[in-house]
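First comes the structure, then the notes that go with it.
The values are calculated or read from the model by the stated rules, or taken from the named source; none is laboratory data. No experiment lies behind these values; they were computed from the predicted model shown. Neighbour counts run over all protein chains shown; Cβ positions are idealised from the backbone, glycine included. Calculation scope for accessible area: heavy atoms of the full protein, side chains included, ligands and nucleic acids excluded. Shrake-Rupley method; radii C 1.70, N 1.55, O 1.52, S 1.80 Å.
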Amino acid sequence: MTRPLTAAQRRLIEAADPGTGRLKGTEAQLTALVKRGLAFRHPRPPHDHFLTPAGHRAREARAEPSEPSEPQAPASTGGVFTARVGGEPTPPAAEGAARTREVRSAWQGMLELRRMTNPDASTDRPCAWERTHLVQAAALALEAAGHRPAGAAEGEDGYRVRETPQPDAVAVHAPDAPTLRACVETLEASGWQAGEYTEPRTRRRYVLASPRRV
């Protein structure tokens, strides 16, 4: 079970810059947030610390006192937000409006992570974290745009994001051509290169997507 935040850690998160997520605190305090996945240390001098998408979500959750029972229940074990890749055996803890808030917060945090870690501060293409978490990154882009993930049962309509033998690409499957085309448009708008292909054995169409570099 994830340990709850200390009072000092909550104050640090709540005091982060509302626009950039920049944190101020002692080295020990900031390192503790990094270990919990709530902050990251910028690779370039002066090596400031900033909230990660999980940190942004934790701060937003603290800002919603009217619903104290929901914000600490993210979609995966360990207290870390997980985008829906489609076909998960266990649905996320949050549903409906609560899930929508989680996804929106995670996507805004991801855009901020792009701005802070891409060399040119660009938010229109994936950052290093997304390139090392391809399935989750592509799934977040799709879920944030309102696409519906597939359910656990085989045949339940919705998108499914899966790994591929290619180290820099994911496959996206959808139940029909219009849905597949919509996934392509969303991924391209989110900074991915995406194209439709046909599986040689099954003749089913799918999308192959990889993060755009320029």
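Within the stretch 157-166, if we keep just the residues that are in contact (Cβ under 8 Å) with a residue 12 or more places away in the chain and open to solvent by 70 Å² or more (accessible area, probe 1.4 Å), the residue that is nearest to Val85 (Cα to Cα) turns out to be Arg162. On inspection, Val103 qualifies as free of Cβ contacts under 8 Å to residues at least 60 places away in the same chain and surrounded by 15 or more Cβ atoms within 10 Å (Cβ to Cβ).
Screening Met116 against (1) surrounded by fewer than 18 Cβ atoms within 10 Å (Cβ to Cβ); (2) more than 20 Å from Glu163 (Cβ to Cβ); (3) of a type outside the set (Ser, Thr, Tyr); (4) at pLDDT 85 or above leaves a single unmet condition, (1).
Criterion first (part of a loop (DSSP other than H, G, I, E, B), under 16 Å from Gly86 (Cβ atoms) and modelled with pLDDT under 95) does Ala121 satisfy it?
Working: part of a loop (DSSP other than H, G, I, E, B): yes; under 16 Å from Gly86 (Cβ atoms): no; modelled with pLDDT under 95: yes.
It is false that Ala121 is part of a loop (DSSP other than H, G, I, E, B), under 16 Å from Gly86 (Cβ atoms) and modelled with pLDDT under 95.
Would it be correct to say that Glu88 is out of contact with any His (no Cβ under 7 Å at 6 or more places or on another chain), farther than 30 Å from Arg160 by Cβ and either part of a loop (DSSP other than H, G, I, E, B) or modelled with pLDDT under 80 (or both)? Talk me through it step by step, then tell me what you get.
Numbers: out of contact with any His (no Cβ under 7 Å at 6 or more places or on another chain): yes; farther than 30 Å from Arg160 by Cβ: no; either part of a loop (DSSP other than H, G, I, E, B) or modelled with pLDDT under 80 (or both): yes.
For Glu88, the condition - out of contact with any His (no Cβ under 7 Å at 6 or more places or on another chain), farther than 30 Å from Arg160 by Cβ and either part of a loop (DSSP other than H, G, I, E, B) or modelled with pLDDT under 80 (or both) - is not met.
Checked against the criteria, Gly146 counts as open to solvent by 40 Å² or more (accessible area, probe 1.4 Å) and either aliphatic (A, V, I, L, M) or closer than 25 Å to Thr90 by Cβ (or both).
Looking for something within 26 Å of Arg114 (Cα to Cα), open to solvent by less than 50 Å² (accessible area, probe 1.4 Å) and assigned to a loop (DSSP other than H, G, I, E, B) - is there at least one such residue anywhere in the stretch 176-188? No, because not a single residue in the stretch 176-188 is within 26 Å of Arg114 (Cα to Cα), open to solvent by less than 50 Å² (accessible area, probe 1.4 Å) and assigned to a loop (DSSP other than H, G, I, E, B).
Of all the listed residues (Val170, Val135), the sole one being within 18 Å of the chain's Cα centre (by Cα), more than 24 Å from Ala98 (Cα to Cα) and of a type in the set (Val, Ile, Thr) is Val170. Checked against the criteria, Ala169 counts as open to solvent by less than 60 Å² (accessible area, probe 1.4 Å), out of contact with any Phe, Trp or Tyr (no Cβ under 7 Å at 6 or more places or on another chain) and of a type in the set (Gly, Ala, Ser).
Being at pLDDT 90 or above and more than 12 Å from the chain's Cα centre (by Cα) is the requirement here; does Val161 meet it? Steps first, please.
Values: at pLDDT 90 or above: yes; more than 12 Å from the chain's Cα centre (by Cα): yes.
So Val161 fits the description; yes.
Identify the residue in the stretch 1-34 that is under 26 Å from Ala121 (Cβ atoms) and among the charged types (D, E, K, R) and, among all such residues, is most open to solvent (accessible area, probe 1.4 Å). Filtering the stretch 1-34 for residues that are under 26 Å from Ala121 (Cβ atoms) and among the charged types (D, E, K, R), the one most open to solvent (accessible area, probe 1.4 Å) comes out as Lys24. With respect to the conditions (1) surrounded by 14 or more Cβ atoms within 10 Å (Cβ to Cβ); (2) modelled with pLDDT under 80; (3) under 30 Å from Ala171 (Cβ atoms), Arg59 lacks only one, and its number is (3).
So in the stretch 189-204, with the set limited to residues that are part of a strand (DSSP E or B) and open to solvent by 80 Å² or more (accessible area, probe 1.4 Å), which one is nearest to Ala138 (Cα to Cα)? Even if it seems obvious, please write down each step before you answer.
Here is the first cut: in the stretch 189-204, the residues part of a strand (DSSP E or B) are 192-198.
Applying the additional criterion that residues be open to solvent by 80 Å² or more (accessible area, probe 1.4 Å) yields 193, 197.
Details: Gln193: 11, Tyr197: 17 Å.
My answer is Gln193.
In the stretch 84-96 there is no residue matching the filter, namely being surrounded by fewer than 18 Cβ atoms within 10 Å (Cβ to Cβ), of a type in the set (Lys, Arg) and either within 11 Å of the chain's Cα centre (by Cα) or under 30 Å from Pro45 (Cα atoms) (or both).
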